[in-house]
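Report on the structure given below.
The values are calculated or read from the model by the stated rules, or taken from the named source; none is laboratory data. A quick note: this is a predicted structure, and the numbers were derived from the prediction, not measured. In this analysis, Cβ positions are derived from the backbone assuming ideal geometry, glycine residues included, and neighbour counts consider all displayed protein chains.
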Amino acid sequence: MAHPLITALAGRQGFVYLATPYTKYPSGHVAAYLAASRVAGELVNQNIRVFCPVAHSHPVAVHGGVDPAAYDIWTYQNAAFLDLAHTLVVAKLPSWKLSRGVDEEIEAFIQAGKPVILTNPELTECETLTSR
């Protein structure tokens, strides 16, 4: 059963932004994409609208001929979603603490005064982050 911080997001207007590591994921980009997609699916199964840059953009990079590690391209693509999302959910997958993108996403939400929830991939253990 999902943690109450997660279930409270169900049915809300707008969407959550799911932050997951990618570039430094220990098992590579495909494994990062699969892990991110699994967590995004868990959120969808909880009736939560979600945007996950890794789950949504990896296929675009692979099949669209875009460099998957082109940080500036993906930062630009994700900026509007960062602005519009009501909550950041950070999946504590391997290397999440090493991820420049996850770090900047957390900082953006904290600066905007929007909620940040850290969770395990199963969504059963959560904590809120209000500052660093």
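Filtering L18, L5, L82, L88 for residues that are over 18 Å from A112 (Cα atoms), among the aliphatic types (A, V, I, L, M) and not in a loop (DSSP other than H, G, I, E, B) leaves a single hit, L5. Filtering the range 101-132 to residues that are farther than 14 Å from Y17 by Cβ and among the small types (G, A, S) leaves G113, S131. Would you pick out the residues in the range 86-109 that are hydrophobic (A, V, I, L, M, F, W, C), more than 11 Å from the chain's Cα centre (by Cα) and under 22 Å from Q13 (Cβ atoms)? Within the range 86-109, A108, F109 qualify. Pairs are defined by a Cβ separation below 9 Å, a sequence spacing of at least 6 or placement on different chains, a first member in the range 1-23 that is closer than 24 Å to T75 by Cα and β-branched (V, I, T), and a second member that is modelled with pLDDT under 95 and assigned to a loop (DSSP other than H, G, I, E, B); the pairs so defined are T23/P68; T23/A69.
Report, by residue number, each residue of the range 64-119 that is in contact with a helix residue (DSSP H, G or I) (Cβ under 6 Å, 6 or more places away or on another chain) and loosely packed, with under 13 Cβ neighbours inside 10 Å. Hits for the range 64-119: nothing passes.
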